[in-house]
Amino acid sequence: MTALVALLALPLAGALAAVVLPQGVVRGMVPALCAAMLAAAAALVAGMSAEGPTRLPLGGWAPPVGIALEADGLAAAMIAMTVLVMTAAALAARHALDPAAAGARAAFGFWPLMLLLWAALNAVFVSRDLFNLYVGLELLSLASVGLVAIGGKAEALAAAMRYMLFALAGSLLYLAGVVLVYAAHGTLDMGLLAARSPAGTDALALALMTSGLMAKTALFPFHVWLPPAHGSAPAPASAMLSALVPKASFLILLRLWFEVMPDRAADGALVLMAALGTAAVIWGSLQALVQTRLKLLVAYSTVAQIGYLLLVFPLAGGASAETPWSGGAWTGAVFIALAHGLAKAAMFLAVGQWMGMTGTDRLDGMRGLATAMPMTAFAFALAAMTLVGLPPSGGFTGKYLLMTSAFAAGQWIWALVLAGGGLLAAAYLYRPLATLFARADAPGAALPPARAMQAVPLGLAGAAIALGIASDAPFEILSIGRPAAAEAGP
């Protein structure tokens, strides 16, 4: 319980301190705060493994009078992935967002926004109240928009404005659904709603909340804000925005459809969600194939990778919840989310280091960089393995579980999507890898970053590979407090 409180309070207190303390003090404080968050996340996972889900009624008042926070296996896995990505982004930002290089505004604004983002993510992961989730999503969106616009360039400001409009529309749709739920049931606690008597407005409420969350997740066709936003932000911010922010709204989707209202999971709605995911895989991959800027290529890859997550709904939701393959599908989707977060953050941090050396993110300006920065190039290659779904990565484990579930269910079309998406990912990631490992041109004047900095994205990419190699521990964590659909499977 102490670890759960620390995971929420430390980043919020750090954000407030980052506003009032001198920049030198803040930059020195951040590594210590990251170490404390790593310790708190480890303590939460260890305590939960020994005693089960951790539940904390705020103020001692139980729902429906009060609000309860709860860390189950899904929340703990997301918190663990988040602390790794945030720590890596913070280490990269101490170098990339130095006031002399990035400007005073970016150097000052990044730290409070980053820490607010961290606090909002953890709050969403452990909240069990629909309105509390709305508050967490709003804080998440505000911090994300600020990180996109922090550079102050016209392109970044336009991308931030578009992001804000989509986030606002998504918030209004979600809030409208929450109002309908409260009007029908008089409570917003997920545990109490799961035991509710069905109401006629439940289907509409679920549709509204799902539409709003899809806009925030950047699922096709609501994805148009994501590539310019992630492509315009500083590389450490892009790493957080791409790896973490879409996972928060996806986690809420999982909770709504598998824990709160599984009885409203009509087969047609589930297939529609998977069809939108399929469109995201195809469209995002085709767009990534034609990009000439590496940051935009990686951003469109995020659109495609998000699409895989939606395949879980017809394989583990609705009538499939009682079948032997549903547990594998649910766990596979979470594995893909975790592996994508680690790999995509590694990619954006690697691109940031190359931009610092070459001054551009254009592919034709990065020829032969593997010679000067072999560790960073190797990190990018490992991350690419994860996104393609090659063994022994965590991406392979997730896709394998989803694919075997699709064949077991007789829904082979989703297995084709997984296989075809992997081939498309191999095609668009081959281009930057071929450029990086090509014969080097004459070396430029800029020096590569220190080996310790190059090790940061390599550590994240290695963690994505380790997720597949040592998959037993994540499996055990995810089994704690999992929904009935995940219990039915292996």
| 1 or more residues surrounded by fewer than 23 Cβ atoms within 10 Å (Cβ to Cβ) and touching a helix residue (DSSP H, G or I) at 6+ places or on another chain (Cβ under 8 Å): qualifying helices (runs of 4 or more DSSP H) within the range 185-250 | 190-194, 202-217, 226-232
| Limited to the range 265-292, what total is found for residues that are over 17 Å from residue 306 (Cα atoms) and buried (at least 18 other Cβ atoms within 10 Å of the Cβ)? | 3
| field | Residues that are at pLDDT 85 or above and either touching a Lys or Arg at 6+ places or on another chain (Cβ under 6 Å) or small (Gly, Ala, Ser) (or both), drawn from the range 214-231 | value | 215, 218, 225, 229
| field | the range 31-62: number of residues that are farther than 17 Å from residue 80 by Cα and either in a strand (DSSP E or B) or in contact with a helix residue (DSSP H, G or I) (Cβ under 6 Å, 6 or more places away or on another chain) (or both) | value | 3
| Does residue 28 fit the bill of being crowded, with 21+ Cβ neighbours inside 10 Å, modelled with pLDDT under 95 and in a helix (DSSP H, G or I)? | no
| remark: How many residues of the range 201-224 are more than 24 Å from residue 127 (Cβ to Cβ) and in contact (Cβ under 8 Å) with a residue 60 or more places away in the chain? The answer is 3
| request: Those residues that are more than 15 Å from residue 478 (Cα to Cα), touching a residue at least 24 places away in the same chain (Cβ under 8 Å) and among the hydrophobic types (A, V, I, L, M, F, W, C), I need them from the range 64-90; list them, please. | output: 67, 68, 69, 83, 84, 85, 86, 88, 89, 90
| request: Might you let me know whether the range 58-73 holds any residue that is of a type outside the set (Ser, Thr, Tyr), out of contact with any Ser or Thr (no Cβ under 8 Å at 6 or more places or on another chain), crowded, with 17+ Cβ neighbours inside 10 Å and at pLDDT 90 or above? | output: yes
| message | Being surrounded by fewer than 17 Cβ atoms within 10 Å (Cβ to Cβ), in a helix (DSSP H, G or I) and touching a helix residue (DSSP H, G or I) at 6+ places or on another chain (Cβ under 9 Å): is that true of residue 143 here? | response | no
| message | Which numbered condition in (1) more than 22 Å from residue 114 (Cα to Cα); (2) modelled with pLDDT of 85 or more is the only one that residue 249 fails? | response | (1)
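The values are calculated or read from the model by the stated rules, or taken from the named source; none is laboratory data. Just so you know, these numbers come straight off a predicted model, no measurement behind them. Backbone-built Cβ (ideal geometry, glycine too); neighbour counts: all protein chains shown.
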